[in-house]
Amino acid sequence: MEASVILPILKKKLAFLSGGKDRRSGLILTIPLCLEQTSMDELSVTLDYLLSIPSEKCKARGFTVIVDGRKSQWNVVKTVVLMLQNVVPAEVSLVCVVKPDEFWDKKVTHFCFWKEKDRLGFEVILVSANKLTRYIEPCQLTEDFGGTLTYDHMDWLNKRLVFEKFTKESTSLLDELALINNGSDKGSQQEKERSIDLNFLPSVDPETVLQTGHELLSELQQRRFNGSDGGVSWSPMDDELLAQPQVMKLLDSLREQYTRYQEVCRQRSKRTQLEEIQQKVMQVVNWLEGPGSEQLRTQWGIGDSIRASQALQQKHEEIESQHSEWFAVYVELNQQIAALLNAGDEEDLVELKALQQQLSDVCYRQASQLEFRQNLLQAALEFHSVAQDLSQQLDGLLGMLCVDVAPADGASIQQTLKLLEEKLKSVDSGLQGLREKGQSLLDQISNQASWAYGKDVTIENKENVDHIQGVMEDMQLRKQRCEDMVDVRRLKMLQMVQLFKCEEDAAQAVEWLSELLDALLKTHIRLGDDAQETKVLLEKHRKFVDVAQSTYDYGRQLLQATVVLCQSLRCTSRSSGDTLPRLNRVWKQFTVTSDERVHRLETAVAFHSSAEKILQECPEQPEAFNEVEQFDEIEAVGKSLLDRLTVPVVYPDGSEQYFGSPSDMASAAEHIREKMKLVSLKKQQLRQPEATTPDS
């Protein structure tokens with residue numbers, strides 16, 4: 001019977017064992033009757049429970065029962081005493097009925113308990129509370145009977161409940177742990193066969209039960225050393241003395257079984273963890289070697305454009321994302337395996353290392369394949385990017401070549417030619433970069449078969465190789481066509497540069513010729529003071545004319561080259577049609593002016609020579625001047641020269657131009673007149689002797 005089952009009855013305190021003992025060391029059982037009617041059934045249940053607590057040795061010493069009838073009626077007391085005969089007749093040695101003062105005297109004469117001793121089996125005495133110490137020591141009596149023994153019924157009941165709960169739970173737990181531990185000690189095959197039975201957990205927490213037991217034992221042991229308030233040593237209750245070794249024994253058994261259970265749990269947890277790791281490892285390996293590898297096998301292309309390569313990269317990133325989840329599981333499993341390896345269980349080391357090696361091999365191989373594929377796609381993207389840039393450069397160069405050149409001058413042609421050369425150089429550099437990228441991509445593709453898992457990738461690789469080589473060959477052909485067109489355009493532009501140069505030089509020749517004409521008119525004025533100086537001026541003028549002739553011839557040659565270049569370029573010169581008439585016009589003006597200058601200088605030479613000859617003749621040779629015609633000729637030449645100085649140069653277009661300024665011409669004329677005066681004076685001097693001869 002458990003206290004928890006009859007807890008409401010026990011709380012009524014119908015009877016109790018205070019822990020006190022009589023002089024024979026028998027336990028004292030106290031039945032406190034009250035004014036209310038006491039249920040004999042409940043009292044019987046209470047007595048049965050209380051009498052089941054002491055040991056057999058303790059029961060053999062007998063009980064002293066104190067029936068407290070001070071608050072009850074006689075018939076109830078008599079009924080209780082008679083009931084003791086049926087409940088505990090052998091264990092009861094003395095029944096002390098505590099009577100109220102002067103209350104039961106008349107009734108006692110009608111029922112003498114001592115006469116019924118043989119029939120009852122125990123002695124019954126009526127005693128007042130103050131006389132109870134005659135039979136029982138005060139230290140063994142509770143305060144209700146004037147004793148010093150401390151008893152708290154609810155405290156005892158609570159401890160009893162804790163003890164019984166601990167006993168029940170610990171006993172059940174011991175059976176469960178023994179079942180688990182004994183089952184785990186058997187062979188691995190039997191364990192696997194009974195794994196379902198052995199995997200259950202104890203119905204209660206062993207830690208909680210152990211803690212409850214330790215607290216209960218501590219409480220039981222503590223009461224042994226605590227004295228009462230009066231300093232009198234308190235003797236513990238017999239049930240408490242019996243409970244201590246029982247609790248200690250249960251605790252020892254629990255600790256032993258729980259230690260074994262913990263080891264069993266550790267081994268089972270390790271085995272379970274190992275099985276879970278093995279299962280997860282196989283899941284990772286099966287997925288990587290199955291769906292994961294199949295995903296990579298189906299992704300062999302590199303795309304034929306930037307957009308296609310980017311789409312393949314995006315698809316590859318999705319594949320990498322799926323692999324990343326499994327790689328995360330791999331990292332976690334690797335850490336778990338490393339932790340188990342560090343635990344140092346030799347029996348599992350081989351299996352764990354094999355799992356770790358298998359997992360690492362598969363994951364590293366798959367990671368290498370992913371990295372290779374990513375690098376291949378990146379190389380393909382770079383190749384297509386370079387190819388697209390090169391194609392755009394070739395398109396731009398071709399567009400530039402297809403537009404007809406209509407520059408304004410040679411400088412713009414030079415700028416255009418420089419730009420053309422830069423574009424061609426950029427195309428050349430781009431093609432070289434494309435070849436490098438293409439060769440690098442071809443090298444990577446050639447290594448693809450090393451991780452193809454036996455799959456023949458020759459056909460797929462051939463398509464990729466053909467595409468790469470086709471792109472490079474196409475770019476090479478386009479570049480070659482552009483180079484040919486650039487050569488033609490370069491030649492044409494160089495001819496145009498030459499054309500512009502010829503036109504500019506021809507225009508410059510006209511300018512130079514105009515400057516020579518202007519210099520001839522403005523600075524070539526002097527006719528010389530004598531024949532020698534005039535001859536020098538005439539010689540200088542001829543050289544001057546030679547320079548002008550060379551300039552004119554140079555201009556004519558440039559214009560002829562311009563005509564040839566225009567015919568070659570199939571274009572109409574914008575300046576040669578105007579330059580040639582200008583050149584011819586200036587040259588004609590220069591020729592007319594030069595002829596006039598030559599005529600004047602030659603006339604001046606004749607004038608000065610004749611005049612100087614006459615002026616230098618000696619007067620003793622008069623026969624030299626016999627002819628008057630010489631003087632007249634000189635005068636005629638001088639007058640003719642003076643007249644010519646006043647006449648302008650008339651050009652073919654009817655325009656006129658004078659040599660120098662009027663003052664310059666006046667100075668030259670004045671010098672000629674002075675020399676004519678000298679000649680006239682000479683003439684007169686020669687005629688005077690001729691006139692005086694007849695007179696004499």
Beta carbons within 10 angstrom, averaged per residue: use that to sort the peptides 150-158, 303-311, highest first. 303-311, 150-158
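Carbon and sulfur: what percent of segment 524-687's accessible surface (1.4 Å probe)? Can you show the working numbers first?
On the way: 4780 of 9280 Å².
Result for segment 524-687: 52 percent of the exposed heavy-atom area is carbon or sulfur.
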Can you give the charge dipole size of segment 303-488 about its Cα centre, rounded to the nearest 20 debye, using +1 on the beta carbon of Lys and Arg and -1 on the beta carbon of Asp and Glu? 580 debye
For segment 524-687, what does the relative contact order come out to in percent, with C-alpha contacts under 8 Å and a separation of six or more? 31 percent
So how exposed is Leu35, as accessible area in Å² (1.4 Å probe, rounded to 10)? 150 Å²
Between Asp395 and Val563, 0.36 nm times their residue separation minus their Cα-Cα distance comes to what? 57.0 nm
To the nearest 10 square angstrom, what accessible area does Val204 show with a 1.4 Å probe? 40 Å²
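Suppose every Lys and Arg Cβ carries +1 and every Asp and Glu Cβ carries -1, with no other charges. What dipole size does segment 524-687 come out with about its Cα centre, to the nearest 20 debye?
Computed charge dipole of segment 524-687: roughly 940 debye.
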Accessible area per residue, 1.4 Å probe, Å², for segment 303-488: what's the number? 55 Å²
Quick one: accessible surface of Ser661, probe radius 1.4 Å, all protein chains present, in square angstrom to the nearest 10. 40 Å²
Please compute the net charge surrounding Ser391, taking Lys and Arg as +1 and Asp and Glu as -1 over other residues with Cβ under 12 Å from its Cβ. -1
For Glu294 and Ala339, calculate 0.36 nm times their separation in residues minus their Cα-Cα distance, and state this gained length in nm to one decimal. 12.9 nm
Share of Cα-Cα pairs in segment 524-687 beyond 19 Å, in percent? 65 percent
Would you compute the Debye intensity of segment 303-488 from its alpha-carbon atoms alone, equal scatterers and no solvent, and pass along log10 I(q)/I(0) at q = 0.08, 0.14 Å⁻¹ to two decimals? -0.46, -0.88
Rounded to the nearest 0.05, what FRET efficiency is calculated for Lys57 and Glu332 with R0 set to 45 Å and r the Cβ-Cβ distance? 0.10
Those lysines that a straight Cα-Cα span of less than 28 Å connects to Lys479, excepting residues fewer than 8 apart in one chain: Lys418, Lys423, Lys425, Lys437, Lys462, Lys492
Could you give the nm distance between label points at Gln532 and Asp361, where each point is 7 Å from its Cα heading toward the beta carbon? 12.2 nm
Can you give me the relative contact order of segment 303-488 as a percent, contacts being Cα pairs under 8 Å and 6 or more apart? 27 percent
Between the modelled labels at Gln508 and Ser429 (7 Å from Cα along Cα→Cβ) the distance in nm is 3.5 nm
Ignoring any ligand, DNA or RNA, what whole percent of the accessible area of segment 303-488 comes from carbon and sulfur when the probe is 1.4 angstrom? 51 percent
For segment 303-488, with the dipole built from +1 on Lys and Arg beta-carbon atoms and -1 on Asp and Glu ones, taken about the Cα centre, which of Leu377, Tyr364, Ala387 lies farthest toward the positive end? Ala387
Computed from the beta carbon distance with a Förster radius of 60 Å, FRET efficiency for Ser663 and Leu494 to the nearest 0.05 stands at 0.65
Please work out whether segment 356-418 counts as rounded, prolate or oblate from its C-alpha gyration tensor, where a ≥ b ≥ c are the square roots of the eigenvalues and a/c under 1.5 means rounded, while otherwise a/b larger than b/c means prolate and anything else oblate? prolate
Could you sort Met40, Met665 by their accessible area in this structure, using a 1.4 Å probe and putting the largest first? Met40, Met665
Distance check, please: which entries in Lys588/Lys675; Lys78/Lys131; Lys11/Lys249; Lys11/Lys99; Lys13/Lys78 exceed 31 angstrom between their Cα atoms? Lys588/Lys675
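The values are calculated or read from the model by the stated rules, or taken from the named source; none is laboratory data. Only a predicted model underlies this, so the values are computations on that prediction, with no experimental measurement involved. As a convention, Cβ positions derive from the backbone with ideal geometry for all residues, glycine included, and neighbour counts pool all protein chains shown. Just the protein is used for accessible areas: all its heavy atoms, side chains included, with ligands, DNA and RNA removed. Shrake-Rupley method; radii C 1.70, N 1.55, O 1.52, S 1.80 Å.
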